[in-house]
1. How large is the Rg to Rh ratio of segment 46-90 when both quantities use alpha carbon positions and Rh follows Kirkwood?
2. Projected onto the charge dipole of the chain (+1 at Lys/Arg Cβ, -1 at Asp/Glu Cβ, origin at the Cα centre), which of PRO44, THR20, GLY6 gives the Cα projection farthest towards the positive end?
3. Kindly express, to the nearest 10 degrees and within the range 0 to 90, the angle between helix 50-81's C-alpha long axis and the longest C-alpha principal axis of the chain.
4. Which residues in segment 52-89 place their backbone N less than 19 Å from a point set 7 Å from the Cα of VAL5 along the Cα-to-Cβ direction?
5. With N denoting the number of residues in segment 1-54, provide Rg(C-alpha) divided by 2.2 N^0.38 Å, to two decimal places.
6. Let me cross-check LEU28: its accessible surface, 1.4 Å probe, with only protein heavy atoms counted, in Å² to the nearest 10?
7. Dipole magnitude of the chain about its Cα centre, charges +1 at Lys/Arg Cβ and -1 at Asp/Glu Cβ only, in debye to the nearest 20?
8. Normalise the Cα radius of gyration of the chain by 2.2 N^0.38 Å (N = residues in it) and let me know the number.
Amino acid sequence: MNTLVGWHVDMEFKEEGKQTRAAAMVRLSDGSEFRAHGRAQRNPADSEQLRVGEEIAGARALMDLASQLLQRAHAQIDEASGRTSYPINR
C-alpha cells in the first residue's frame, strides 16, 4: 500500500546591513514542528547580492532542520529496537 505524506516548510528572511538571517520551520504529518535558523554575512569587499545571502542563510537553516530530523529518526529507531543504533549522519 502506498501512502502519500506531505510536509510543509516555511522560510522567512530578514536583511540587516551586511547580514541575512533565515528562519525555517517544518511541520510533519503528525503535527510536530521543528524550527531552525541560519545566517550569512557579506564580506565588506563583496557587492550587495541579496539573493546570495538568502540562499546561504536558507541553506544553513535547512541543514539545521535536517540534523534535527536525523536525530529524531535515530531516537525513534533506538526506542523501537530497544538498543543503541549507529548514528545517522546523512
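1. 1.31
2. The Cα lying farthest towards the positive end belongs to PRO44.
3. Approximately 10 degrees, to the nearest ten.
4. Of the residues in segment 52-89, 65-82, 88-89 have backbone N under 19 Å from the label point off VAL5.
5. Normalised Rg, Cα atoms only: 1.59.
6. 20
7. It comes to approximately 200 debye.
8. Normalised Cα radius of gyration, the chain: 1.39.
The values are calculated or read from the model by the stated rules, or taken from the named source; none is laboratory data. Model, not experiment: these values are computed from the prediction. Positions of Cβ are backbone-derived with ideal geometry, glycine not excepted, and every protein chain shown enters the neighbour counts. Calculation scope for accessible area: heavy atoms of the full protein, side chains included, ligands and nucleic acids excluded. Shrake-Rupley method; radii C 1.70, N 1.55, O 1.52, S 1.80 Å.
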